[in-house]
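Undergrad: Here's a structure for you.
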Amino acid sequence: MQDFFDTWRPRALAALRIVTALLFIPHGTAKLFGWPQMEMFADLQLFSLAGLARVLEVFGGLLILVGWFTRPVAFVLSGFMAVAYFMAHAGQAMLPIQNGGELAALYSWLFLYLAVAGAGAWSIDALTSAEPRRTTAYQ
């Protein structure tokens, strides 16, 4: 049974990375390109905190999607989402369910996990890694 988990752990990590990126990128495309169209993002200024957010969300999300520079990009995105949580949500109520900050908090922790765990399988990082493939549980 352990062989099953050892085989599928890097693939499950890659699936988590890919799905996270696919859910994260539209936050940036809505702000940067107006797609999907969301009224709350209609009048954002390019040179503002929201302007920085859209660049990080789109381009950082794309790097996470393909698994390129996953650890440093995920670390930056984790911090970015923590700042977003504390700036936009934490002052409204104590709990994320009360202040609407669940997504920001969850993304922050997901990206922190990716910063530590890496990209997993199916990534540019895995293809370009100088390390030989390990056969241990922690790939």
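Here, each number is a calculation from the coordinates, and none is a lab measurement. Note that the coordinates shown come from a computational prediction; the quantities given were computed from them, not determined experimentally. No Cβ is skipped: glycine too gets one built from the backbone with ideal geometry, and neighbour counts run over all protein chains shown.
Undergrad: Relative contact order of segment 2-128: what whole-number percent is it, with Cα pairs under 8 angstrom and at least 6 residues apart? Numbers along the way, then the final one.
TA: Numbers: 160 pairs, mean separation 37.1, N = 127.
Relative contact order of segment 2-128: 29 percent.
Undergrad: Give the residue list of chymotrypsin sites (Phe, Trp or Tyr not before Pro) in segment 12-105 that are DSSP loop and have at most 10 other beta-carbon atoms within 10 angstrom. Before the final figure, lay out each step's value.
TA: Values: sites: Phe24, Phe33, Phe41, Phe47, Phe59, Trp68, Phe69, Phe75, Phe80, Tyr85, Phe86; in loops: Phe33, Phe47, Trp68, Phe69.
The qualifying sites are Phe47.
Undergrad: If I model a spin label as a point 7 Å beyond the Cα along the Cα-Cβ vector, how far apart are those points for Trp68 and Met40 in nm?
TA: 3.1 nm
Undergrad: Using the charge dipole of the chain (Lys, Arg: +1 at Cβ; Asp, Glu: -1 at Cβ; taken about the Cα centre), state which of Gln2, Leu106, Gly118 has its Cα farthest towards the positive end.
TA: After comparing all options, I get Gln2.
Undergrad: While we're on this one: What is segment 44-85 by shape, rounded, prolate or oblate, if you read a ≥ b ≥ c off the alpha carbon gyration tensor as root eigenvalues and call it rounded for a/c under 1.5, prolate for a/b larger than b/c, and oblate otherwise?
TA: On the way: a/c = 3.10, a/b = 1.57, b/c = 1.98.
In terms of gyration-tensor shape, oblate.
Undergrad: Please compute the modelled spin-label separation between Phe47 and Val83, points set 7 Å along Cα→Cβ, answer in nm with one decimal.
TA: It is 1.8 nm.
Undergrad: With unit charges on the beta carbon (Lys/Arg positive, Asp/Glu negative), name the residue among Thr128, Gly34, Ala74 whose Cα is farthest towards the positive pole of the charge dipole of segment 2-128.
TA: My answer, from the dipole projection, is Thr128.
Undergrad: Per DSSP helix of 4 or more residues, -39500 (n - 2.57); summed, then divided by the residues of the chain. What does that give at 222 nm, rounded to the nearest 500? Could the numbers behind the result be given before it?
TA: Values: 7 runs with 88 residues, N = 139.
Here the helix-only value at 222 nm equals -20000 deg cm²/dmol.
Undergrad: Can you tell me the length gained on complete extension of the stretch Ala15 to Thr29, counting 0.36 nm per residue apart and subtracting the Cα distance? If you can, show how the numbers build up before the last one.
TA: Working: separation 14, 0.36 × 14 = 5.04 nm, distance 2.15 nm.
My answer for the length gained is 2.9 nm.
Undergrad: If you line up the Cα atoms of segment 2-128 on their principal axes, what length do they span on each, largest first, in Å?
TA: 50, 33, 22
Undergrad: Starting from the Cα of Leu22, step 7 Å toward the Cβ, then list every residue of segment 42-81 with an amide N under 15 Å from that point.
TA: The answer is 62, 64-67, whose backbone nitrogens lie closer than 15 Å to the label point.
Undergrad: For helix 70-88, report the angle its Cα long axis makes with the longest principal axis of the Cα atoms of the chain; keep it between 0 and 90° and round to the nearest 10°.
TA: For 70-88 against the chain, the angle is about 30 degrees.
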